[in-house]
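The structure appears below as structure tokens.
The values are calculated or read from the model by the stated rules, or taken from the named source; none is laboratory data. Since the structure is predicted, the reported quantities are computational estimates derived from the model, not experimental observations. Quick reminder, even Gly has a Cβ in these numbers, built from the backbone with ideal geometry, and neighbours come from all protein chains shown.
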Amino acid sequence: MGKEISCLKSYILSAMLAEAISYGLQRKSAIGKQKLSERCFTSFLGFDGIKRSIRKARNGGYTMIIIRNGRVIDPKSQTDAIMNMAVDQGKIIAMGPDTEELLRTSPAAGTKSDDIIVLDAEGLVVAPGLIDVHVHFRDPGLTYKEDIHTGAHAAAKGGFTTVVCMANTRPPADNPETLDYIRSEGSKTGIHVLPAAAITVGMNGETLTDMALLKQHGACGFTDDGLPLRDAALVKRAMDEAVRLNVPLSFHEEDPAFIETSGVNQGEVSRQMGIGGASALAEDVMVARDCMLALHTGATIDIQHISSGNSVKMIRLAKQMGADIMAEVTPHHFSLDETAVLKHGTLAKMNPPLRTELDREEILRGLQENVIDIIATDHAPHSVEEKERPLTEAPSGIIGLETSLALAITNLVHPGYLSLMQVIEKMTVNPARLYRLDKGYLAAGADADLVIFDPGELWTVTEFASKASNSPFIGDRLIGKVKYTICGGGIVYQDV
Ligand code: NCD
Ligand code: ZN
């Protein structure tokens with residue numbers, strides 16, 4: 001990879017040579033289709049081709065992509081091996097140690113695509129495109145924070161090819177028109193943008209939405225995320241309907257009865273700051289309630305952004321009892337504890353809040369034991385002005401799409417809590433299972449949604465593709481960098 005880039009740089013720097021080479025390239029691109037082994041040449045072809053591929057992906061066109069010598073990690077088949085992969089017409093068409101041989105014998109041999117890009121993935125990991133089941137793209141209504149297009153760019157930069165948008169837009173996604181709008185804008189981004197719909201009308205916590213109608217309009221699941229549901233009987237009715245419709249529900253678990261000041265844990269830090277804080281009890285009581293409701297109704301539920309050690313223990317028990325529960329943790333909840341608020345102020349304020357080191361340890365145990373199945377970002381963009389307000393007045397939430405994979409590698413894989421395979425499992429096939437998506441795995445015939453990343457590259461968090469920059473990780477040195485994101489067979493992000 002390094003070789004390719006230095007190759008590329010000297011190519012760009014030398015203006016005169018560039019002309020000559022580009023003439024040569026035009027002539028050689030035909031040869032390139034047959035001969036895929038000249039590294040430097042193919043990298044030049046790739047540079048040109050990648051730009052075409054991005055254009056084509058946006059216009060619904062295709063380029064054939066050969067990914068050479070990558071470390072292919074696929075949790076579904078438990079594959080971890082160096083191999084090549086060929087992608088065409090939006091699908092993986094061949095995978096194996098000898099792609100040229102596979103291509104000759106593949107039914108897709110004789111591709112109709114007019115370009116071939118060869119990506120040298122030596123030293124890089126090739127994995128299923130990441131899936132984030134918890135993002136806030138703020139569109140419609142709050143697009144000064146983020147919109148579907150900037151959100152999708154941030155996702156692609158973070159290696160994500162599928163995201164599930166939460167319903168707390170303005171208006172909320174409680175009606176067919178808003179869902180149609182999100183899907184229509186999402187379809188222009190190059191990645192898969194799926195809307196979740198609200199459980200209650202206006203997210204008022206009182207009246208159930210017409211879930212069947214909203215499912216017809218593309219709702220992949222239902223949630224009032226941001227606002228906890230206080231009415232247990234209503235939650236039960238929503239679960240009964242979700243069973244009938246075969247859709248998941250996801251829950252933000254914080255009982256307002258036990259929140260004095262949102263976004264900061266009630267404990268040592270809130271005392272030091274002289275504010276009330278949000279007690280872990282707020283989460284624990286609601287997790288307990290919804291675990292039991294799920295057990296009794298048989299609904300598939302997702303407990304969102306777990307912050308408390310007790311919730312990990314309760315979900316473990318409820319799963320053992322047979323409840324169909326999946327649980328999410330955010331990168332910030334496994335990376336930081338409540339003391340981050342002292343250092344980062346409003347940039348470490350989120351719901352539920354960062355809690356104690358003991359809670360974090362329990363979360364790590366939950367991840368190891370698969371009590372926590374999913375890593376989800378809760379990408380929650382807010383403007384600079386909003387986050388500059390005093391701690392008690394600023395909105396809760398931080399962005400996460402562009403740092404998620406690297407935080408998982410840095411804070412879970414590097415210290416030895418999880419293997420890379422386990423991290424990828426919690427960011428691909430498990431989230432796909434929750435939302436019943438035929439995604440999140442690698443195989444001939446599967447959708448060509450891929451992330452290619454350098455698992456060892458050190459980088460510093462400085463700038464974002466997101467409209468927002470409300471992250472406590474700015475300035476941090478992280479390990480693991482996304483190099484390419486491929487969605488539906490097109491390159492939607494490339495690190496240059
Ligand atoms: C989220 C937001 O800003 O929409 N905020 C947050 O602190 N997490 C809502 C949410 O996911 O709870
Ligand atoms: Zn939430």
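Going by the conditions given, is residue 345 in a loop (DSSP other than H, G, I, E, B) and surrounded by fewer than 24 Cβ atoms within 10 Å (Cβ to Cβ)?
no
Can you say whether residue 377 is within 14 Å of ligand 1 (Cβ to nearest atom), under 23 Å from residue 196 (Cβ atoms), β-branched (Val, Ile, Thr) and buried (at least 19 other Cβ atoms within 10 Å of the Cβ), as far as the supplied structure shows?
Yes.
Whether any residue in the range 281-291 is assigned by TED's automatic domain parsing to the domain that holds residue 332, surrounded by 24 or more Cβ atoms within 10 Å (Cβ to Cβ), within 20 Å of residue 208 (Cβ to Cβ) and out of contact with any Pro (no Cβ under 8 Å at 6 or more places or on another chain) is what I want to check.
Scanning the range 281-291 turns up at least one residue that is assigned by TED's automatic domain parsing to the domain that holds residue 332, surrounded by 24 or more Cβ atoms within 10 Å (Cβ to Cβ), within 20 Å of residue 208 (Cβ to Cβ) and out of contact with any Pro (no Cβ under 8 Å at 6 or more places or on another chain).
What are the pairs, 6+ residues apart or on separate chains, where a residue within the range 155-176 that is among the β-branched types (Val, Ile, Thr) has its Cβ under 8 Å from a residue that is within 16 Å of ligand 2 (Cβ to nearest atom) and part of a loop (DSSP other than H, G, I, E, B)?
Filtered contacts from the range 155-176: 163/137; 163/401; 164/196; 164/221; 169/137; 169/138; 169/142.
When you look at residue 366, is it assigned to a helix (DSSP H, G or I) and farther than 28 Å from residue 435 by Cβ, yes or no?
Here the answer is no, as residue 366 does not meet what is asked.
Please work out if residue 228 is touching a Leu at 6+ places or on another chain (Cβ under 9 Å), within 21 Å of residue 205 (Cβ to Cβ) and in the same structural domain as residue 203 (by TED's automatic domain parsing).
Spelling it out, it is not the case that residue 228 is touching a Leu at 6+ places or on another chain (Cβ under 9 Å), within 21 Å of residue 205 (Cβ to Cβ) and in the same structural domain as residue 203 (by TED's automatic domain parsing).
So which residues in the range 226-269 are among the hydroxyl-bearing types (Ser, Thr, Tyr) and surrounded by 22 or more Cβ atoms within 10 Å (Cβ to Cβ), if there are any at all?
250
Going through 146, 177 one at a time, which residue ends up being over 20 Å from the mean Cα position of the chain (by Cα) and either within 17 Å of residue 466 (Cβ to Cβ) or in the same structural domain as residue 384 (by TED's automatic domain parsing) (or both)?
Exactly one residue qualifies, and that residue is 177.
At least 3 residues that are out of contact with any helix residue (DSSP H, G or I) (no Cβ under 7 Å at 6 or more places or on another chain) and not β-branched (Val, Ile, Thr) in each: list the strands (runs of 3 or more DSSP E) lying fully within the range 410-496 that qualify.
The strands (runs of 3 or more DSSP E) meeting that bar are 450-460, 477-487.
Name every residue in the range 369-394 that is of a type in the set (Val, Ile, Thr), outside any helix (DSSP H, G or I) and more than 29 Å from residue 432 (Cβ to Cβ), in order of residue number.
Matches in the range 369-394: 392 only.
In the range 223-231, is there at least one residue being more than 16 Å from ligand 1 (Cβ to nearest atom) and either in contact (Cβ under 8 Å) with a residue 60 or more places away in the chain or among the basic types (Lys, Arg) (or both)?
First, the residues of the range 223-231 that are more than 16 Å from ligand 1 (Cβ to nearest atom): 231.
When the remaining residues are screened for being either in contact (Cβ under 8 Å) with a residue 60 or more places away in the chain or among the basic types (Lys, Arg) (or both), the result is none.
No, that holds for no residue.
Could you please give the count of residues in the range 195-230 that are more than 30 Å from residue 259 (Cβ to Cβ) and either of a type in the set (Asp, Glu) or within 18 Å of the chain's Cα centre (by Cα) (or both)?
Matching residues across the range 195-230 total 1.
Hey, among 138, 183, which residue is over 23 Å from residue 325 (Cα atoms), under 22 Å from the mean Cα position of the chain (by Cα) and part of a loop (DSSP other than H, G, I, E, B)?
Answer to the check: 138.
Please work out which residue is nearest to ligand 2 (Cβ to nearest atom), limiting yourself to the range 340-352 and to residues that are under 22 Å from residue 475 (Cβ atoms) and not aliphatic (A, V, I, L, M).
349
Against the condition within 16 Å of ligand 2 (Cβ to nearest atom), among the hydroxyl-bearing types (Ser, Thr, Tyr), over 29 Å from residue 428 (Cβ atoms) and at pLDDT 95 or above, how does residue 200 come out, does it pass? Quick ask: steps written out before the conclusion?
Details: within 16 Å of ligand 2 (Cβ to nearest atom): yes; among the hydroxyl-bearing types (Ser, Thr, Tyr): yes; over 29 Å from residue 428 (Cβ atoms): yes; at pLDDT 95 or above: yes.
Yes: the conditions hold for residue 200.
Among the residues of the range 457-466, count how many are in contact (Cβ under 8 Å) with a residue 60 or more places away in the chain and surrounded by fewer than 20 Cβ atoms within 10 Å (Cβ to Cβ).
Of the residues in that region, 1 qualify.
When the residues of the range 203-217 are filtered to those that are of a type in the set (A, V, I, L, M) and surrounded by fewer than 24 Cβ atoms within 10 Å (Cβ to Cβ), which remaining residue is nearest to ligand 2 (Cβ to nearest atom)?
Within the range 203-217, the match that is nearest to ligand 2 (Cβ to nearest atom) is 203.
When the range 218-227 is examined, which residues are found to be touching a Pro at 6+ places or on another chain (Cβ under 7 Å) and either modelled with pLDDT under 95 or within 16 Å of ligand 2 (Cβ to nearest atom) (or both)?
221, the sole residue that qualifies.
Return the residues of the range 208-222 that are away from ligand 1 (no atom under 16 Å from the Cβ) and in contact with a strand residue (DSSP E or B) (Cβ under 7 Å, 6 or more places away or on another chain); say none if nothing qualifies.
208, 209, 211, 214, 218, 219, 220
For the range 351-362, check the following and say yes or no: at least one residue is within 16 Å of ligand 1 (Cβ to nearest atom) and either under 30 Å from residue 495 (Cα atoms) or in contact with a Cys (Cβ under 7 Å, 6 or more places away or on another chain) (or both).
Here is the first cut: in the range 351-362, the ones within 16 Å of ligand 1 (Cβ to nearest atom) are 351-355.
The next check asks that each one be either under 30 Å from residue 495 (Cα atoms) or in contact with a Cys (Cβ under 7 Å, 6 or more places away or on another chain) (or both); those that pass are none.
Checked the range 351-362: no residue is within 16 Å of ligand 1 (Cβ to nearest atom) and either under 30 Å from residue 495 (Cα atoms) or in contact with a Cys (Cβ under 7 Å, 6 or more places away or on another chain) (or both).
So how many residues does the range 232-259 have that are acidic (Asp, Glu) and within 16 Å of ligand 1 (Cβ to nearest atom)? Before the answer, list the steps.
At the first step, the residues of the range 232-259 found to be acidic (Asp, Glu) are 240-241, 253-255.
With the extra rule that they be within 16 Å of ligand 1 (Cβ to nearest atom), the set shrinks to 253-255.
Residues in the range 232-259 being acidic (Asp, Glu) and within 16 Å of ligand 1 (Cβ to nearest atom): 3 in total.
Looking only at the range 142-180, which residues are among the β-branched types (Val, Ile, Thr) and either assigned to a strand (DSSP E or B) or touching a His at 6+ places or on another chain (Cβ under 6 Å) (or both)?
161, 162, 163, 164
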